[in-house]
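The values are calculated or read from the model by the stated rules, or taken from the named source; none is laboratory data. Remember, it's a predicted structure, so these values are computed and weren't measured experimentally. Ideal geometry is used to build each Cβ from the backbone, glycine not excepted, and the neighbour counts take in all protein chains shown.
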Amino acid sequence: MPDCPACGTDVTTDAKQCPNCGQAVATARRLRVREVTVGFAAGVAAFVCGFVATAIRSDAQESREAVERLLGDGGPPGVSLSELLPEWYHVLSWEFLENHQVAVSAAGGDLFGGGLASEYVDTLLPTASTLQVLPPLSLAGAGLFVALYGTRTSPLDAVLAGATAAVGYLPCLAVVAVVSSFEVTVFGSTLVEVDPGFIRPLAIAGVAYPVVFGGIGGLCAFGLTRWRQAR
C-alpha cells in the first residue's frame, strides 16, 4: 500500500483520500511525480556544477602539449601528430571520471615501441584532482534540496527522496562515458586505445555516487527539519 506523503499513513490503492489527514491520493501521486522531476533537475544541476568546475581546473591543454613535446618527430610512421592527440573533451571526460574514482587506463600498440608507449600513456592520462570532493558535495546538496522540497515522514523517506538525484545524474554520465572513448588505428592495428567502458562508469559514477551521496543529503535534510521543529 502507498504511504500518504503528508502523514505517512498507509492508504489503500482504491482510496481517494487518506483516512487520517484527508490528503487526496491523486495529489499524493502527483507529488511523487513532482519529486522525481525535482530529483532529475537537481541531479542535472549537480552534474553541471561538477563538470564546469572540472573544465575550469582542467589540465587538458597541458596534457596535449606534453604529448606533443614527448613525441616530437618520433611518432610511428603513417600517423600524423594530430591523430595521436585526443580532443579536449576526451581529456576532460577522463578527469571527470577519475574524480568519481573510475580508473581510466590505456593500451599502447607495438608500433609505438614499449618505452615510448608507456611514457605516452603516463603523460596522456590524468589522475584524480582535488576536485574529487566536489561530486559528493554537489550530490549531497542535490539530495538535501530534493528532501527539503516536500514533507518527510521518516529517515528512509528522506534518503529515498535524496537518491532521486540519480535520475538526472545518470543520463549525464552516460554521455560522458560515450564521448570518453579514444582510439588511434594504423594499418588495421590499434596503436593506442583509451576506453573507460560504459557499464563501470555508469554503475560507479552514474548510480552509486548519486544514490549514496544524494541519500546522505536527504538524511541531512531530515535531521535539519527535525532540529528546526525542536527549537
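Taking the criterion of being modelled with pLDDT of 85 or more and not in a helix (DSSP H, G or I), the residues of the stretch 171-185 that qualify are S180, S181.
Counting the residues of the stretch 191-207 that are assigned to a helix (DSSP H, G or I), among the hydrophobic types (A, V, I, L, M, F, W, C) and either in contact with a strand residue (DSSP E or B) (Cβ under 8 Å, 6 or more places away or on another chain) or farther than 19 Å from F40 by Cα (or both) gives 1.
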